[in-house]
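First the structure, in the form of structure tokens, and then the observations on it.
Every number here is computed from the coordinates shown, using simple stated rules; none is lab data. All values reported here derive from a predicted model rather than from experimental measurement.
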Amino acid sequence: MATKSSVAVATVVDTAVDAKPPGLWDVVFFNDNKTTVEFVIILLMNIFRYDYETSMSLTKKINDTGRSVVATFSHEIAGTKRDECVSAARTNGFPLKVEIEPSSVPAA
């Protein structure tokens, strides 16, 4: 006949967490020959809530340099903004390229 025995098991849990703030991500617009300046300005005003002057300045930089960081957010928000921009561009027949990249701006 078997006898019951009890065994104590100790579990060690490391509660020390190296908590770094999450990294920031840049939303980057790229220039192309089909997406209109007017559409990019409207996109920047509607999705990123920039005023007309800021939107115009960013659009000029995209046009002059081929690309520009238009905003910096957490990864989740940056991805959502990118998706909103690409969706709006496709809906309106534009091939606008928008990507997210790890930001060089340090997280607070």
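Brief remarks follow.
- Taking a ≥ b ≥ c as the square roots of the eigenvalues of the Cα gyration tensor, region 63-105 is oblate, since a/c reaches 1.5 or more and a/b is not larger than b/c.
- Under the shape rule built on the C-alpha gyration tensor, where the axes satisfy a ≥ b ≥ c, region 33-102 is rounded, since a/c falls short of 1.5.
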